[in-house]
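S.K.: Can you read through this structure? Questions will come right after.
Throughout, read-outs are computed from the coordinates displayed, never taken from laboratory work. Predicted model only: the values in this text are computed from it and were never measured. Here Cβ is always computed from backbone atoms with ideal geometry, including for glycine, and neighbour counts include all displayed protein chains.
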Amino acid sequence: RKEVEQDPGPFNVPEGATVAFNCTYSNSASQSFFWYRQDCRKEPKLLMSVYSSGNEDGRFTAQLNRASQYISLLIRDSKLSDSATYLCVVKPNNNDMRFGAGTRLTVKP
Amino acid sequence: NAGVTQTPKFRVLKTGQSMTLLCAQDMNHEYMYWYRQDPGMGLRLIHYSVGEGTTAKGEVPDGYNVSRLKKQNFLLGLESAAPSQTSVYFCASSLSANDRAGANVLTFGAGSRLTVL
């Protein structure tokens, strides 16, 4: 079993749609969680950190469920510019980050 | 402010050749990392460094060596390239591994695409 698992997609949604991505992780001792965004042939960039209480940044909402070892990302009112691959990232110990394989999103007009 | 710079951006090697990828950061970050990204696999950590003069193995270190002689530079070496090392390599850095105040957020370079024939 992979340490971090994501549905690879692709998710194809119309502009204005709400879309949700899920991620599960295997190491129950993990302490930090993130969502990164990666555009085609570009480097990953931080989208948002995920806090225990859940957090929101504009149209993006991240949730963490430690009991189920599950992280989610909700995107409301999708824009064309949201088209990218979304990477779930988990920090299992002090010196390492483990990446999911990513979920690809395409937002269509 | 350049952030993280990787060179070269592209390289084609023959099996058995050696090469070095250079990563430079100008953010005074303590931690530096080398990842490889393959289709369907996600980014996998090769080696990392928690400070000048230190290196440590990551998830997939075999076939690679690293050095961190200066705080701002982290070199990744392939002594004898193999086709299995065809990949996109990303260097990243972070201020520290501290979970507070975003110190552990990774800043990535633009990537180096390596093909081994």
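S.K.: Of all residues in the range A:1-14, which are surrounded by fewer than 13 Cβ atoms within 10 Å (Cβ to Cβ) and in contact with a strand residue (DSSP E or B) (Cβ under 6 Å, 6 or more places away or on another chain)?
M.R.: If the condition is that a residue be surrounded by fewer than 13 Cβ atoms within 10 Å (Cβ to Cβ) and in contact with a strand residue (DSSP E or B) (Cβ under 6 Å, 6 or more places away or on another chain), then A:PRO10, A:PRO14 are the ones that fit.
S.K.: Look through the range A:85-109, keep the residues that are under 22 Å from A:ARG41 (Cα atoms) and either more than 14 Å from chain B (Cβ to nearest Cβ) or among the acidic types (Asp, Glu) (or both), and return whichever of them is surrounded by the fewest Cβ atoms within 10 Å (Cβ to Cβ).
M.R.: The residue in question is A:LYS108.
S.K.: If only one of A:ASP7, A:ASP57 is of a type outside the set (Gly, Ala, Ser) and under 11 Å from the mean Cα position of the chain (by Cα), which one is it?
M.R.: A:ASP7
S.K.: Test A:SER68 against the criterion of being surrounded by fewer than 15 Cβ atoms within 10 Å (Cβ to Cβ) and in a loop (DSSP other than H, G, I, E, B), and give yes or no.
M.R.: yes
S.K.: Out of all the residues in the range B:21-54, which are in contact (Cβ under 8 Å) with a residue 60 or more places away in the chain and among the aliphatic types (A, V, I, L, M)?
M.R.: B:LEU21, B:MET27, B:MET32
S.K.: Can you tell me which condition A:ARG66 does not meet? The list is (1) of a type in the set (D, E, K, R); (2) away from chain B (no Cβ under 11 Å); (3) within 15 Å of the chain's Cα centre (by Cα), and all the others hold.
M.R.: (3)
S.K.: Could you grab me the full set of residues in the range B:42-64 that are surrounded by 14 or more Cβ atoms within 10 Å (Cβ to Cβ), assigned to a strand (DSSP E or B) and not hydrophobic (A, V, I, L, M, F, W, C)?
M.R.: B:GLY42, B:ARG44, B:HIS47, B:TYR48, B:SER49, listed by residue number.
S.K.: Something else about it: Just to be sure before I move on: is B:ARG113 in contact with a Leu (Cβ under 8 Å, 6 or more places away or on another chain) and under 27 Å from B:VAL12 (Cβ atoms) in the structure I sent?
M.R.: No; evaluated as a whole, the condition is false for this residue.
S.K.: Considering only the range B:45-99, how many residues are under 13 Å from the mean Cα position of the chain (by Cα) and hydroxyl-bearing (Ser, Thr, Tyr)?
M.R.: Looking only at that region, the number is 9.
S.K.: Restricting to the range B:81-110, what's the tally of residues that are part of a loop (DSSP other than H, G, I, E, B), crowded, with 19+ Cβ neighbours inside 10 Å and facing another protein chain (nearest Cβ under 10 Å)?
M.R.: Result for the range B:81-110: 3.
S.K.: Out of the range A:15-45, which residues are surrounded by fewer than 16 Cβ atoms within 10 Å (Cβ to Cβ) and within 11 Å of another protein chain (Cβ to nearest Cβ)?
M.R.: Once the filter is applied, which keeps residues that are surrounded by fewer than 16 Cβ atoms within 10 Å (Cβ to Cβ) and within 11 Å of another protein chain (Cβ to nearest Cβ), the range A:15-45 yields A:GLN31, A:ARG41, A:LYS42, A:LYS45.
S.K.: Let me confirm something: among B:VAL60, B:VAL12, which residue is of a type in the set (A, V, I, L, M) and more than 14 Å from chain A (Cβ to nearest Cβ)?
M.R.: Every option except B:VAL12 fails the conditions.
S.K.: Could you tell me whether the range B:8-31 includes any residue that is surrounded by 15 or more Cβ atoms within 10 Å (Cβ to Cβ) and part of a loop (DSSP other than H, G, I, E, B)?
M.R.: yes
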